[in-house]
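What follows is a set of notes on a single structure, which appears directly below.
Every number here is computed from the coordinates shown, using simple stated rules; none is lab data. Remember, it's a predicted structure, so these values are computed and weren't measured experimentally. Cβ sites come from the backbone with ideal geometry, for glycine too, and all protein chains shown count toward neighbours.
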Amino acid sequence: MSQIKIFDTTLRDGEQSPGVNLNQVEKLEIAKQLERLGVDRMEAGFPASSKGDFQAVKAIADTIKDTSVIGLARTTKQDVDIAWEALKGAASPSLHLFLATSPIHMTYKLKKTPEQVIDTAVSMVSYAKQKFSQVEWSAEDASRSDWNFLAQIIEQVIDAGATVINLPDTVGYTTPNEYGEMFRYMRENVPNIDKVQLSCHCHDDLGMAVANSIAAVENGVTQVEGTINGIGERAGNAALEEVALALKIRSDFYPYHTNLKLDEIKRTSDMIAKFTGMSVPGNKAVVGRNAFAHESGIHQDGVLKNTETYEIITPEMVGVKSNTLFLGKHSGRHAFKDKVKEFGYELSDEKLKEAFDAFKLLTDRKKEVTDDDIFTLLTDIQTDTAAASKYEMQMFQVQYGTANIPTATVSMKTPEGDIVQTACTGQGSVEALYKTLEALIAEEVNLIDYQISSVGGGKDALAESHVQLMVNGETVNGRGAAQDVVEASANAFINAVNRHVVQQTNLKKEVIRS
Ligand code: KIV
Ligand code: ZN
């Protein structure tokens with residue numbers, strides 16, 4: 001069985017999903033989880049795109065040692081130099097250079113002739129090779145490019161030192177047969193093709209990203225690029241958990257394997273969904289809430305007699321555990337610490353104390369504290385913005401019922417340290433609360449999206465809210481959990497505003513420093 005390398009781009013292409021903006025702590029936690037999942041390469045970001053991205057890529061490159069960390073760059077010396085500064089501390093610094101090769105991109109976007117595109121690609125690959133030992137070159141929009149032209153440019157970038165050639169289906173346009181054929185053509189028509197690894201990168205605009213990736217593998221590709229939960233630009237990228245499971249479950253048909261630790265899939269998926277605010281649809285393959293639920297009587301009967309009647313993947317295989325009670329009122333600090341370790345979090349002593357106190361508070365109010373509850377608490381505490389200057393809610397009160405006008409009163413501390421208080425009414429409890437928060441917050445805030453869900457089941461389940469706000473013209477996401485839905489909603493709103501505040505403070509510090 002030959003090995004297929006998994007190249008994860010959740011932190012780069014996945015982060016390009018509309019409205020997703022991860023902070024550095026979240027990116028680092030995701031990177032550590034991807035390392036535990038066993039991906040072979042992780043694309044940590046696009047260092048030249050912003051200071052924030054640069055710092056996050058650098059932090060990941062300096063921390064992650066068991067997985068190769070790669071950064072994206074356009075074909076300019078400046079991008080390559082910035083990427084090198086971010087990645088030089090990595091165990092094996094790797095660069096991902098891209099340049100479009102389709103007629104439409106070359107004519108309208110790049111305004112370059114095909115000859116100029118070849119020259120740029122070749123000179124930048126050789127420039128990058130002076131610094132990076134591994135250079136992947138991507139022909140952006142390859143699936144809409146002329147195959148003969150692709151063969152020519154690929155041959156020359158290989159001669160210039162590229163180690164991986166990636167042919168993306170950038171706009172999710174291709175079909176399995178066509179995409180597979182394209183790779184077969186390159187293998188047959190590029191004389192030096194055996195010197196490199198071939199990689200596929202598919203978008204899901206027509207719902208074929210996973211099928212296209214597998215077709216590429218069947219035609220000689222040895223690296224699959226994609227994201228966890230399939231998040232990414234527009235309709236997203238190929239979902240890596242689906243690719244890995246398809247190869248595993250149908251190993252009778254596909255003679256390939258990946259190095260992914262399949263039982264880390266669910267935790268990775270949960271973490272990405274929480275941090276990005278992009279919840280996984282219930283019917284999503286492999287990781288959806290209903291992926292292992294059997295509803296109809298005939299199916300239930302079959303599964304009770306023999307699980308294999310309707311179950312081709314077991315929940316355990318992908319790390320889905322039954323949500324059992326694990327710690328309670330009388331559990332001590334030691335057992336809690338072990339659980340933190342099991343989740344893969346490394347909390348500072350201060351954060352550990354904060355998490356333990358929050359856990360104890362929860363055990364007073366909730367009969368059964370589950371793994372999901374603990375994961376939610378830990379996630380919120382570990383990724384909380386540690387900035388001193390931010391909004392902090394002192395207290396809130398919401399009165400509502402069928403016979404009165406919902407009214408919220410909020411008292412909060414501003415980033416400047418003032419205590420402010422006001423009250424507003426609304427059509428419902430959350431609207432009244434959000435209008436009150438808006439009135440107290442100096443920034444101009446507009447709500448774009450609001451979601452509320454329960455963590456696990458039961459009447460006393462934790463509530464988790466995700467919001468997307470426009471704060472002073474910029475889109476930010478926020479997340480908050482609490483036992484009460486209204487409190488969780490308030491936490492998510494304030495979390496989003498604080499992300500903006502912290503971002504602005506960091507930007508100001510950078511301007512002062514430079
Ligand atoms: O989809 C795409 O073409 C990309 C490239 C940058 C590789 O993401
Ligand atoms: Zn892409």
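At a glance:
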| item | result |
| --- | --- |
| Residues with amide H under 5 Å from that of GLY232, placed H, sequence gap 5 or more | SER17, ASN237 |
| Rg(Cα)/(2.2 N^0.38 Å) for the chain, N = residue count | 1.05 |
| Label-point gap, in nm, between GLU188 and GLN116 - each point 7 angstrom along Cα→Cβ | 3.4 nm |
| Percent antiparallel among DSSP beta bridges (both partners in the chain, rounded to 5) | 50 percent |
| Two-site label geometry, LYS329 and LYS353: point separation in nm, points 7 Å out along Cα→Cβ | 2.6 nm |
| Unit charges on C-beta of K, R, D, E only; dipole of the chain, Debye | 860 debye |
| Above-threshold pairs, the threshold being 20 Å between Cα atoms, out of LYS266/LYS351; LYS337/LYS360; LYS27/LYS337; LYS435/LYS459 | LYS266/LYS351; LYS27/LYS337; LYS435/LYS459 |
| For ASP449, ASP40, ASP349, ASP141, order by how many other beta-carbon atoms lie within 10 Å, fewest first | ASP349, ASP449, ASP40, ASP141 |
| Electrostatic dipole magnitude of the stretch 392-513 [Cβ: Lys, Arg +1; Asp, Glu -1; Cα centre; debye, to 20] | 200 debye |
| Per-residue Cβ neighbour rank within 10 angstrom, fewest leading, ASP372, ASP146, ASP194, ASP169 | ASP194, ASP146, ASP372, ASP169 |
| In range of the label at ASP263: residues from the stretch 333-350 whose backbone nitrogen is under 20 Å from the point 7 Å along Cα→Cβ | 338-345 |
| Gain upon complete extension [GLN78, ALA285; 0.36 nm per residue less C-alpha separation] | 70.4 nm |
| Potential lengthening between LYS109 and GLN130 on full extension [0.36 nm per residue; Cα-Cα distance subtracted] | 4.7 nm |
| Taking THR174, THR370, THR222 and counting other C-beta atoms within 10 Å, the order from fewest to most | THR222, THR370, THR174 |
| Cβ-derived FRET efficiency at R0 25 Å, ALA293 paired with GLN3, nearest 0.05 | 0.15 |
